[in-house]
Structure formats: structure tokens, C-alpha cells
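Here's the structure, in C-alpha cells; my notes come after.
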Protein chains: 2
Amino acid sequence: MPDANLVEKPGQRVIGLMSGTSCDGVDLALIEISGSGLETRFKVQGKFHQPYSEDQKQFLLQCMDPRHSNVKVISQANFLLAGIWAGAIDSMLRHYGEKAADIDLIGSHGQTVYHQPQREDCQGLQVNSTLQIGDPSVLAQLTGITTVGDFRVADMAAGGQGAPLVPFFDWLFFSRFQKNMLILNIGGIANITYIPSDGDRMKVKAFDTGPGNMLIDQMMQRLYELPYDHNGAKASLGKRSDKLFAYLQKQDTFPDQPPPKSTGREHYGQDFVLSLLRKAIRWRIPEPDVLHTVTEYTAYTVWKAYRDFIGVEIESLVAGGGGSHNSFLLKRLQEFFTKIPVENVNHYGVDEDFKEAICFAVLAHECIQGNPANLTAATGAKRNVVLGKICPVNKS
Amino acid sequence: MPDANLVEKPGQRVIGLMSGTSCDGVDLALIEISGSGLETRFKVQGKFHQPYSEDQKQFLLQCMDPRHSNVKVISQANFLLAGIWAGAIDSMLRHYGEKAADIDLIGSHGQTVYHQPQREDCQGLQVNSTLQIGDPSVLAQLTGITTVGDFRVADMAAGGQGAPLVPFFDWLFFSRFQKNMLILNIGGIANITYIPSDGDRMKVKAFDTGPGNMLIDQMMQRLYELPYDHNGAKASLGKRSDKLFAYLQKQDTFPDQPPPKSTGREHYGQDFVLSLLRKAIRWRIPEPDVLHTVTEYTAYTVWKAYRDFIGVEIESLVAGGGGSHNSFLLKRLQEFFTKIPVENVNHYGVDEDFKEAICFAVLAHECIQGNPANLTAATGAKRNVVLGKICPVNKS
């Protein structure tokens, strides 16, 4: 294949790219990788965040909305995003005084605009699907760097939910600590990975627990016109509304579903939040109380997931992702988990904000090595499969 | 990479897959390839056509229509189509008593649902884009065969129109005959490739000429509720309407544009045909005359393209694609081209109905070899680039 030497090359330098469901921007991590599979070791050499403009964010949200998207918008956004990301990569490389020619590979998660893990009737067939945009082939051509993208598709085609994929990285990374751990990632959606102390791949469990920042952020936008609740300041001013909490528990059936499972904006999007907001208004619940309740509910769904579906004693809960900055959310988590320490993933040398970007750099490297990179226990796939599409560039 | 031995393996067996803008079905060709680049030689070992049901066709047309498509439909169709194609590949393999394990590679063009080569404003940036669905990673997982897809994207990202791609194949295949030739492919859209007698890549010219079957088929559907004009029987019953012909010449500005250029259903779709039909009704032009005129116009646009933009004497016009079955259309072509013989591509050992499928098998093979497979003279790209995304499967 175009860059066959890449497979053998030691110390590969890989850029990982993540653009999450919250549509706030793109995260980049530059890592140097050696080894592969469980022998994978990496060093973070750079990290970079480029926020989207409000227009860009609204455009992405339009792409995700079946009522306002169409084939033209999807096609254009697929190219546009790759262009924006190529610009971000260029900015990062300049920032670190690096050249594209010295980067071996890009691993791009892409931007999920649709994710439907449950099959439903489509033209008489039972179809599930996932769609990430920000074309990896465009990204490869614009940067001149071989790019691997579209990791979720192969898992779903192999009978999985196409998510979560980060648990594979968690397993690769946290197995070495040889204790029962729960790794929590708080993005738009929250997900957990249970790592057994013996590192047995078959014993790993992982699934989405429910909302991460998604409900909190949407509520902040609707109630305060602010993008997020900084350190949980608003929520900490309020108190829990039992009525609203009970309504959430009743309305939201996702936390009750047994894993494997995954969710997204389809479930916790505008409709969900508007219906919640209508209740809050009808019941005259003060705004900080709404924030408090939604934040507590977010922590509750993580704890409920552990209680109902892990069923093994753990030594620590390790939180990462943008939501781990919300100290109020972490406090609520600590209360639910009582004596089990809630730690930050930073303590383990993984940057909390760039874990997913690092993950997709590692996944791209695994693809090039021909290693299957889904955890069937996490995604429900029928078999372990190689994930990703390799977009080669000309031999140099 | 996952199947690194594939690069070196002689006599690779590759399935090419094409699903054209006419949405009538999927064409498959199984070829055995040796050599690469200009040394490529192949033997056709199988061919297979699986028609789409009327429901499937309507669903694909919905996907292409900005008024009726949305992100959900696109995402579902992307998976659904790959599933339908995996079934078609299975049927072909059974028909020929072959096993998937003996096939090295699939080259899948995919189904174009959007193609916009001209840049236009999108979020303040000038964006062009192309979107093919029928996910190659799904196809790879369902068949167990490494699949290369999405060939057009890289060319467009390199400044090209992403089309036409078949001219590369024409150049690879027809150079050996060492004469000035014009290769015509009549799909939904028609395109020509000029091959110079000395085989110089830089002298090749290629572009879409305008309608292929697209206007004829749509008129047959609207006037007779038939899918196409078999052998041009209806058209041959009528006579040319000079008024309608002149209207077509005036309304349709595409044939006047200088190459490189490409077009599709965006231009020659429903709106174009409905406006034509309204004129035909107002002017009381009999139905066979409408068919005759549209067919003659199709031939005229091919000739006009040769006259205006090739400007070199040729020894033969070689027609292929579904439209080359329309003997009335070929007769009209012969009249326009007077003494230059209009031949069928069959005479050169390339099946007229499966040329594009064969082409994408060859392009997939070139991708694996790391060979650039766009002709910049045809697409207008700034440089020759490797085309396609490689979707690996597990090492066996």
C-alpha cells in the first residue's frame, strides 16, 4: 500500500483529532507511539484546541437535525469541516514549530452527525447506521499526511453499536495499573469503561451511561445564554428539585437499558430538553435548581450504570473529558460513589481534555498495524474487527 | 498495513462495482489484474447486474434531492446500499461458483448523491464537494474483502472536479492502439476521452459532454411510463422539432462551457426535463418527436464537444455504456461524425455495459499500488494524487 514502510516504522508521530457532539470545537493531540496492541506506549508531544465560531456550530447542529439537513448541506459540511481541521492542524504544527512532513499519520474521529445503533425498518430491511463527516480523504490531501478516519462504521457493520470506542484505549492504557477501575469520560454524552485488575479483554465492560455535558450545556444556553456551567457555579447555587428529578428518571429510559448501548443527540437533544424545560416552567422551579437537578441527574446516571451493570467492586473512578472540569459535577459523583475515590485522569498522565484525541491517534495506528480495535464487550459487535478507512497520500 | 502482501501479489482478482446516476441497479465486474500503471493488463472473469426495485430507486432519488433528503435518510442509505451490494456480490460469486476468500479486493465507486464541482459560499468559505454513499467499510465487513471506495474525493480536494475518472482507465487501456481515438461513455451523463496516438498523458483530454441517457430516460418515463427507449424505437418513429432543439440549445449552457467540466442530475434532472416538457406541450409537439429531438440533442452535444474542444482529427469514436445499446442514438452520432467510424467498445474487448465497473476495479488496484489515478487534464486537479479510501478487513 502507498506507505507500506509506515507499518514497520518505530516511533511514529500521529495526530489524533476529535470533534465531539457538543460542537464546541476540534481537539488535536500529537503523540509519538511505539509498540502496538497492549504493548502500545505513547508520549504526548502537543495538544491544541480550536473552537468553532457560533456560525460553524449552528451549521453543524443543522447538519445533525433531520428537519433542517439535506444532502447538499451534508456534502458541503463534509468538505468544509475537513478544510477547517486542516487549518487547525496547520496552526498546531506552527505553534509547536513542527512540519507536516515529520508527521506520519492522522487519526480523525470526524464529526458524528447521525448515530442510530438500533435497527429500524428502511426500505423493508432492518438498518442501523452511523455517519461521521469531515472527510478523511480531504484531510489527507490538504495536509499531505496519510489519514485514517471513520472508525465507527466497521464495528457497526460487524453487528456492534459503533460505540463506545474509547474503552479500547482505556483497556490498552489502564490495564497496566492492575486494579479494578472505572474510567469515566464526560463529553456531550458520558461513558464508562470497567477495567478488570487482570486486564482480561473479555471482562472489560463499557457503555454510554447517559448525558455528560449535554443536558447541562443545553440548559445553560436556554436559561442563561451561556455555553456551559463554569465549575458548576450555577448548579451549586441551587438545590435539587425532587419532582423534576423524578420526572427525569421516568422520562429517560436510556439508563435502564442493559448494555451494550450508546446514545447521542438523537436522544438527549432539543426535544428532550424542551420537554424538561416545559415541566420546570410549569412547576416554577428556579433556574439554579434546574441546573442543580440536571447536574445531579447526570452524576446519578453514571452511578446507576455502575450499580446496575458492573456489579464488581472497584478501587477508583477515573474521570476525564470536558465535563471533569465541572467540580460540582465531580462532587455529586463523589457523593454517589461514597468511599470509592473519584480521581482525575490527569493523575495518570492522560490530559483530561485530549483523551479522545489521543485515543483516535492510537486507533489510527492500530488500523495501520492491522489490529482489530473494537471491544466486543463494549460495542456488542459479533467479532473483533479492524476499524477505519485508510486515506493514502502520494509516496514522497 | 493490514494486507501488506496484497501490494506484491501478482494476478490479483478484483471486483469492480458501479452504481450510476440513473439508479437502475448495480453493475459488478470480476477481473484478474496483472501489472500496474500503463503495464496494467486484465482479464474479465465475470460480470453481473442486479437491478434495484422501484422502491429502492425512489429511495435513492430521494437521497439526491435536497428538498426531500435529510441526515437520517443519507446515513441509512449509506448502510442500506452497502448491504444490497454485498448481497449482489454474494449472488455473483455463487453464479460463478467462486468464493469470497479467493477475491483480493473490491473497488467500489459508490452511489453519487451529490456532486458540486463549482465552489460556492458555505459559511463564508468557498466550498465544492462530492458525496458517494454505499459505505466501503460496511461493504468490506459484510463481504470480508478489503474494499477501496470514495475515489472522487481526493481529486476534488486536490483542486479537481472529482470527475470524470474513467478517462484514466481509457488512457491505460486504449493507449496501446496508437491512434487518435475518442472514447465515449454513455451513462446517465455522457463523457468523452481523447486518446492521442502517442499515449502522452498530458495530451489526454476528457470531460462530460452533457446528457447521456438521462434526458431520454426521463422523457420515456414521463411520456410513456417506460424506463428507457429500447433501441431508440420511439425516437425513430418521430422527427426532429427544430423549435424544441433550438430551445434545448439555448436553455442548456453546459455544452458551451470549456473543459474541464462535469455535470449530473443537479443540471439535467427533474427541473430541466419539466421545463422542456412544458414547452413541448405548449407547442403541441408529438411525443415521438420529443424523443427524437432529445436523442438527437444528446448526440449533438457529443459532436459539439468534439468540434469545439478537441480540435484534433480522430480515427475512430468508440462508444460504450448503457446508452450504446440505443442504435438510434448511435445512428445520430454517426451522422454527426460523418466519415469517422462510430464503433462499439465491445470490438476492443471491453464489455460496453461493464466498462465503469471494470474501471473501478482497476482504480482500486492502482490505489493499493500507491499510483495516482486522476488525469489532471480531465479533472482539472492541480496534481496527480492517489485516489480512494482503503477499508481493510482482518488478516486471515
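In terms of the Cα gyration tensor, with a ≥ b ≥ c the square roots of its eigenvalues, is region A:41-184 rounded because a/c is under 1.5, prolate because a/b exceeds b/c, or oblate? Oblate.
In chain B, Cα pairs under 8 Å separated by at least six residues give a relative contact order of 22 percent.
Largest first, the three principal axis extents of the alpha carbons in region B:178-218 are 40, 15, 9 Å in whole numbers. Taking the Cα centre of chain A as the origin and placing charges on Cβ (Lys, Arg +1; Asp, Glu -1), which of A:Gly37, A:Ile133, A:Gly380 is farthest toward the positive end of the dipole? Of the listed residues, the answer is A:Gly380. Is region B:258-396 rounded, prolate or oblate when judged by the Cα gyration tensor, a ≥ b ≥ c being the square roots of its eigenvalues, rounded requiring a/c under 1.5 and prolate requiring a/b larger than b/c? Prolate, because a/c is 1.5 or more and a/b exceeds b/c.
Against the main long axis of the alpha-carbon atoms of chain B, helix B:71-95 sits at an angle near 70°.
The 1.4 Å probe gives accessible areas that order B:Glu225, A:Glu343, largest first, as B:Glu225, A:Glu343. So for region A:179-251, averaging the separation of alpha carbon pairs under 8 Å that are six or more residues apart and normalising by length, what relative contact order in percent results? About 20 percent, as a whole number. Proximity of backbone amide H atoms, modeled 1.01 Å from N, is registered between B:Glu98 and no other residue at under 5 Å, excluding neighbours fewer than 5 places apart on the same chain. Would you mind classifying region A:223-298 by shape? Square roots of the alpha carbon gyration tensor eigenvalues, ordered a ≥ b ≥ c; an a/c under 1.5 is rounded, otherwise it is prolate if a/b is larger than b/c and oblate if not. Prolate shape, in that a/c is at least 1.5 and a/b is the bigger ratio. Taken over the Cα atoms of the protein assembly as shown, the convex hull encloses 154 Å³ per residue.
On association of chains B and A, roughly 5100 Å² of accessible area becomes buried (total for both chains; probe 1.4 Å).
When A:Glu32 is represented by a point 7 angstrom out along its Cα-to-C-beta vector, the spacings to that point in the other copies are 4.9 nm, nearest first. Within region A:67-123, the ratio Rg/Rh, alpha carbon atoms throughout and Rh by Kirkwood, equals 1.15. Loop-located trypsin sites (Lys or Arg not before Pro) across region A:175-278 with a Cβ neighbour count of 14 or fewer within 10 Å are A:Lys179, A:Lys239, with loop assigned by DSSP. Inter-part distance, region B:97-172 to region A:80-156, computed on C-alpha centroids, equals 15 Å. Remark: relative contact order (region B:268-386) = 18 percent; criterion is Cα-Cα distance under 8 angstrom and separation of 6 or more residues. Each Lys or Arg adds one and each Asp or Glu takes one away; over the other residues whose Cβ falls under 12 Å from the Cβ of A:Phe337, this sums to +1. Across region B:194-201, coupling constants 3J(HN,Hα) worked out from phi with the 6.51/-1.76/1.60 Karplus curve, θ = phi - 60°, read 8, 10, x, 4, 8, x, 5, 3 Hz, and Gly and Pro carry x. Neighbours of A:Ala378, meaning other residues whose beta-carbon lies under 11 angstrom from its beta-carbon, give a summed charge of 0 when Lys and Arg score +1 and Asp and Glu score -1. Taking Cα atoms only, the orientation of helix A:214-224 departs from the longest principal axis of chain A by about 60 degrees. Amide hydrogen proximity for A:Gly107: with H placed 1.01 Å from N in the peptide plane, the residues at 5 or more positions away or on another chain lying under 5 Å are A:Ile15, A:Gly16, A:Leu17, A:Val148.
Placing a label point 7 Å from the Cα of A:Asp200 along the Cα-to-Cβ direction, the distances to the matching points in the other copies come to 7.1 nm, shortest first.
The charge dipole of the protein assembly as shown, taken about its Cα centre with unit charges on the Cβ atoms of Lys, Arg (+1), Asp and Glu (-1) only, comes to about 760 debye. To the nearest ten degrees, helix B:355-369 and the longest principal axis of the Cα atoms of chain B are 40 degrees apart.
In units of the compact-protein estimate 2.2 N^0.38 Å, chain A shows a Cα radius of gyration of 0.95. Taking the label point 7 Å along Cα→Cβ, A:Tyr96 and its counterparts in the other copies are spaced 4.6 nm apart, in ascending order. Exposure check, 1.4 Å probe, all protein chains in place: B:Trp283 carries approximately 70 Å² of accessible surface.
Over the protein assembly as shown, dividing the summed -39,500 (n - 2.57) contributions of all DSSP H runs of at least 4 residues by the number of residues returns a 222 nm mean residue ellipticity of -12000 deg cm²/dmol. With protein chains left intact and a 1.4 Å probe, residues in the protein assembly as shown average 36 Å² of accessible area per residue.
Give the residue list of trypsin sites (Lys or Arg not before Pro) in region B:1-90 that are DSSP loop and have at most 12 other beta-carbon atoms within 10 angstrom. Loop-located and lightly packed - B:Arg67. Among residues other than B:Asn213 with Cβ under 15 Å from its Cβ, the summed charge is -3 (Lys and Arg +1, Asp and Glu -1).
The values are calculated or read from the model by the stated rules, or taken from the named source; none is laboratory data. As the structure is a prediction and not an experimental result, all values here were calculated from the model. Positions of Cβ are backbone-derived with ideal geometry, glycine not excepted, and every protein chain shown enters the neighbour counts. These area figures cover heavy atoms from the full protein model, side chains too; ligands, DNA and RNA do not enter into them. Shrake-Rupley method; radii C 1.70, N 1.55, O 1.52, S 1.80 Å.
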